[in-house]
Structure formats: C-alpha cells, structure tokens
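I have placed the structure first, in the form of structure tokens, so that the comments after it can refer back to it.
Since every read-out is calculated from the coordinates, none of them should be taken as a lab result. Bear in mind the structure is a predicted one, so any value in this text is a computation, not a measurement. Every residue, glycine as well, gets a Cβ built from its backbone with ideal geometry; the counts of neighbours run over all protein chains shown.
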Amino acid sequence: MKYLLKAVLLCVLIVGVSSCKEQNNNEIKQAKEGVITDKAMVVSAHHLASKIGSNVMEKGGNAYDAMIATSFALAVVHPSAGNIGGGGFMIYRNNDGTNGSLDFREKAPLKAHAHMYLEDGKADGEVVKNLSLIGALSTGVPGTVEGAFAVHKKFGTMDMKDLIQPAIDLCIEGYEISKEEAIYLNKGQKKLDVLNGENHAYSSPNGEWEKGDIVKNMALGKTLTLIRDNGSDGFYKGETADLIVKTMKEHKGIISHEDLEKYKSVWREAITFDYKDYKVISMAPSSSGGICLAQMMGMTELYPIGSYGFQSTKAIQLMVETERRAYADRSKHLGDPDFVEIPTAKLMNKEYLKRNMANFSFEKANTSEEIRPFEEQYTKESNETTHFSIIDSFGNAVSVTTTLNLGFGSRVIVDGAGFILNNEMDDFSSKPGVPNVFGVVGGTANAIQPEKRMLSSMTPTIVEKKGKLFMVVGTPGGSTIITSVYQTILNVIEFGMTMQEAVDAPRFHHQWKPDSIKFERDMDIDKVTEKELNKLGYPSIKRGNSIIMGQVDAILVKENGKLEAGADRRNYNSAAGF
Ligand code: DON
C-alpha cells in the first residue's frame, strides 16, 4: 500500500493532478511496468550489451549464445565489472524443465597460501591493509573465458566466432558514451592511473572522458581476436598468457602459466527449493547465494509475510531476522565444495529452519551475539559486479552474475592486452573473524588454499511457478546480493509488484555481523516504523547518501506469456528483446 501511495505521489508530480484522479480510481493502472516483449529478452547493465544479446537471438540463437555474446560485450562497454579477467556463475533452466549451473569463479593461484595477506606471511600477523584488494597479488585465476567456451560446448548453437565478433567490433570501432558513463570512466581512469601510469587502455586521449566521446580499446580488441581465433587457448596460453604472467612479475603477483593452463570451470547441481507454489533454482557453493536464499525464504515461509505489508515494521523485522541467521551460517560453513564438506541438506532442512526461528519474536529484536552458526545439534557498497538475465524464444533461461570483485578489480591492467584483472582474493577469509571489504567474516571453510575458489555471494536465480518459468533475477552488491535477490522475489510474490517495481523498490540489509540494519538512502520508511524498530531493539539503523544496494536486472514471465523487464533504475541498466 505504501508503495502504491508513493506511485500516486510520483504520478501527481509527473502527470499532474487531473490524470492522477483517473489513476486513483483504478489502482491497477498505477503499476509501473518495465519493457514488455513477446518472446525473448536480455536485461543487462548496458544497452549495447543487451542489444547484442537480443540480436543473437533474433538471428535464431538461443539464450546460451546470447549469454556468450552479452558477456563479451559487457567486458568492453562495462569495464568496471564486465570482464575477461574475472569470473562468475550461471544458472540455467531449459524449456524441458532441466536446470543446473556453471561455476566459472576464479581460483587461488598455486602459490597462494593461508597467511599470504598477513604481516610477514605469518599466522599471527595482522592483515596487511589492501594487499588482498589492490595490485596483482589480489588476483585470482580468471574463469570467464573458459566459462564461455564451456557454455558454448554444452549448449551453444551458433558459431562462437560470431558471438565474440560484436565485442571485437566495439573495441575497434568504438562506442559512444553518455554523461553518466563518462563520469564513471573518469573515476575508473583515476583508479587505474595509480598502477598503470597515465597512458593505458582506459585513458581518455583528451585527459578526461566526456559525453559523446567514442571509446576504443585496440589492445582488448586484439586479445578478443586471439580468443576468437584460438578458443580459450587464446587467453590461457600463448601471447595473452605471456602478457598476464609478465604483468604478474611487474606487479608482484603470483599467477603462473601453470595456473592459467589448469583453469577449468565446473558444472554443478544447482541449489533448488520450494517456496509455496514456487520452485527456486539458485547458485550452489562456491557461492553462498543459493543456500542463504533457501534459508531466508524457508524461514520467511513460516509467516504470512504478504499480509504484513511491504516494508512494514513486521515485514522488516522478519526479513532482518532471517538474514541475520543465514549470514551466521554462511560465516562458518560455506566455502569451496571441492575443498570443504558443506552440510547443505542440514542447513536447508525445514525443521532446522523452524528451530532456528524459535527464539524470534515480534516483541523484541534478537542480537547477533545470541544467534550462533549452525552446529551439529558491512558493507562497503559499490555496484561493481554485473548481472544479466536472458530468456530466449524457445523458453530457455539463463541468469548470470560475473565480476572483477570491486570496481575495476585489482586496478592492474594486463599491459598490451587491454583488460583488467580481478581482486577476488579478498573474498577469501584472510584471517578468521576479520571482515573482508564487504564486512563479512569467515573461518577455515573459506581460508585460502592453492586452487581453491573464494566464497561468493553472487546469487543468479531462476524461479518457477507451478512448474513453469516465472522469473530470472540477480544483482551485484557484494554481501547485499543475497538480500537484494530475496527482497526482489518477495516483492513480486508477496507484495504484488510488477517486475520493474520490485527491482526499483528501496532495499535494506542485515548480515549478522555487524549487528545493524542498513537502509538504502531513499528507503523512506516512515518515522513511525523506524521508531517502532528502534523500540523493539533494532537500534543501529544505518542510512547514508552513498548507500545504494545492487542493480537488479530481472525478467518476469507474465500470465499472458509476455516478458516484463526489471532493469534497475540504479545506474544505466537496459532491456532489449522482441
Ligand atoms: O563474489 C562476491 O560475492 C563478490 N566478489 C561480489 C562483488 C560485488 O558484487 C561488488 N559489487 N558490488
């Protein structure tokens, strides 16, 4: 209801009082829908990448072909997060109902070790500031390119060369940027100047980028051409690999030829669970996303949250408490499944989730001290991961989140190859109990080991309703990713929003530690609700000008079979389709 009131207010501002009267008479008309298409759609962080993916499908390609083309295009037009020097995850659901996932997350290099970010490399040393975040030592072995070829081998139908070529064209011919892109490229340029000098692949020829400039990246065009002509060997062997290893030597990194040659993505069973009439398909470890989402939704299902109202005191309380409990379990149990035993079934067990909520009461907040991780018995915010959602005209769907970790990753450019290396190593737990850049803590399950994957929060997700494709959803946002996906799904299922409204709605976040709720800067819960929450014992409510959570890019299959985009109002996300 509050959401509707806001829409009315907006409507008064936008269309004037007289037409708003008309809208007041029919609340349905208030719903703000995103772009609607009949058959196929891509929603991504950049209009050119969405268009390239959509073009592939118009030519007869499937969602997987579109995924590959969109991903390579994002590596060019969205360089802070789109990448070939990073990694990510893909969830898929085919039109026959089969589902699964690809883990193309980065891996720790062979020379990595548990104490590599501690003073003198010793177990009792303090964490050395920024060592896991800035510079080549923060880089994990990239997985994006190998992942794209793995997707193509299993599901692709078009010639790989034709899927990479549009990205090469963007590099060589260039693309025009908007004012917002100029601002963000200028910020990136400054970050990159520090480690790469002032004349690198992302430098403006005129000193600063401006609206209308044409951005080119010849070196990246050359690298993509090597990949086009030699397959993933064009990245993991030969000239590109030589340049990566050379860059490592220059910037005190440790990735070797052997690391690059050994890299393989992994097809994994997805995490699946039911929520009422819905089935949710999400990412298994090495991401924490699917298990945490299953826990949060499983605990939510025990309460009639829809009847509480969107962002009412009770709804916020319930969601904060499910988030608190899920992140507590995350800290202890989740890590790379190829290295640690994860009690997945126990963590998702409905009885456990019920027991876990036994000490929750609407009368008083829990504290994070009293919520312990399952036993046998904050977030610095940025939008520098990128998510895209695709549905093709055959009814296949893919949900892909990929990242360099922070914006422009390690800030190291592979000299001569035109791409930026990730700083994903910070997602490991550098020292037990010491928070990473997103404020999340971990222990031995997520300790550094050679060839291990660092724990992620990326949560690419697909939702079915009564056995049919219903939603494709995901977002960047570090540790807030899981809560953003959770809230977006509930906004549609429980609070009756359109896809666009659900994506645009303000969000909030709790992650067990620190014990505080973070509200997005424009989350205008009324003073009464805030006071009520304080009184109930949720004292630490953080709000700030810079707090923005995620950029959800989602697609909803409407009852009439049409597709509705939810392209996040936060930043320049865009939908394309037919
Ligand atoms: O894998 C993860 O969870 C993080 N590396 C994601 C980073 C991210 O979303 C940054 N942008 N907000």
Query - Hits among aspartates and glutamates - C-alpha to C-alpha of Lys431 under 19 Å, sequence gap 8 or more where chains match - result: Glu119, Asp120, Asp124, Glu126, Asp329, Asp336, Glu451
Report summary line: Sequence order, the stretch 74-80: Karplus ³J(HN,Hα) from phi using 6.51 cos²θ - 1.76 cosθ + 1.60, θ = phi - 60°, Hz rounded, Gly and Pro as x, gives 4, 4, 8, 8, 9, x, 5
**Report entry** Selection of GluC sites (Glu not before Pro), the stretch 184-229, meeting DSSP coil and at most 11 other Cβ within 10 Å
**Finding:** Glu198
Requested in this report: Please go through the stretch 80-149 and write out the GluC sites (Glu not before Pro) that DSSP classes as loop and that have at most 16 other C-beta atoms within 10 Å.
Outcome: Glu126
Query raised in the report: Per the helix-only calculation at 222 nm, which mean residue ellipticity applies to the chain, given -39500 (n - 2.57) for every DSSP H run of n ≥ 4 and division by its residues, nearest 500 deg cm²/dmol?
Result: -11000 deg cm²/dmol
Query raised in the report: Once label points are set 7 Å from the Cα along Cα→Cβ at both Lys364 and Lys179, what is their separation, rounded to one decimal in nm?
Result: 5.3
**Report entry** Whole-Hz ³J(HN,Hα) from phi, Karplus 6.51 cos²θ - 1.76 cosθ + 1.60, for the stretch 336-344, glycine and proline x
**Finding:** 5, x, 6, 10, 10, 7, 10, x, 4
Query raised in the report: Lys/Arg Cβ at +1, Asp/Glu Cβ at -1, dipole of the chain taken about the Cα centre: which of Ile52, Ala31, Ile214 is farthest positive-ward?
Result: Ala31
Query raised in the report: Expressed as a whole number of Å, what is the distance separating the alpha-carbon centroids of the stretch 44-70 and the stretch 79-116?
Result: 20
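Return the loop-located GluC sites (Glu not before Pro) in the stretch 525-562 (DSSP other than H, G, I, E, B) with at most 11 other Cβ atoms within 10 Å of their own Cβ; answer none if there are none.
Those satisfying the criteria are Glu559.
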Requested in this report: Taking the Cα centre of the chain as origin, work out the dipole magnitude from +1 charges on Lys and Arg Cβ and -1 charges on Asp and Glu Cβ, in debye rounded to 20.
Outcome: 960
Report summary line: Quick calc, the stretch 463-534, dipole around Cα centre from Cβ unit charges on Lys, Arg (+) and Asp, Glu (-), nearest 20 debye, gives 300
Query raised in the report: Which of the listed residues, Tyr303, Phe235, Ile489, is farthest toward the dipole's positive end in the chain, when Lys, Arg count +1 and Asp, Glu count -1 at the beta-carbon?
Result: Tyr303
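Which pairs break 28 Å Cα to Cα here: Lys39/Lys161; Lys264/Lys350; Lys279/Lys527; Lys111/Lys161; Lys179/Lys216; Lys513/Lys535?
Pairs exceeding 28 Å: Lys264/Lys350; Lys279/Lys527; Lys111/Lys161.
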Query - Hits among aspartates and glutamates - C-alpha to C-alpha of Lys558 under 17 Å, sequence gap 8 or more where chains match - result: Glu33, Asp38, Asp277, Asp392, Glu464, Glu494, Glu501
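Please report the antiparallel percentage of the DSSP beta bridges confined to the chain, to the nearest 5. Mind dumping the intermediate values first?
Values: 62 of 65 bridges.
That works out to approximately 95 percent antiparallel.
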Query raised in the report: So, in Å, what gap is there between the alpha-carbon centers of the stretch 304-321 and the stretch 131-192?
Result: 39
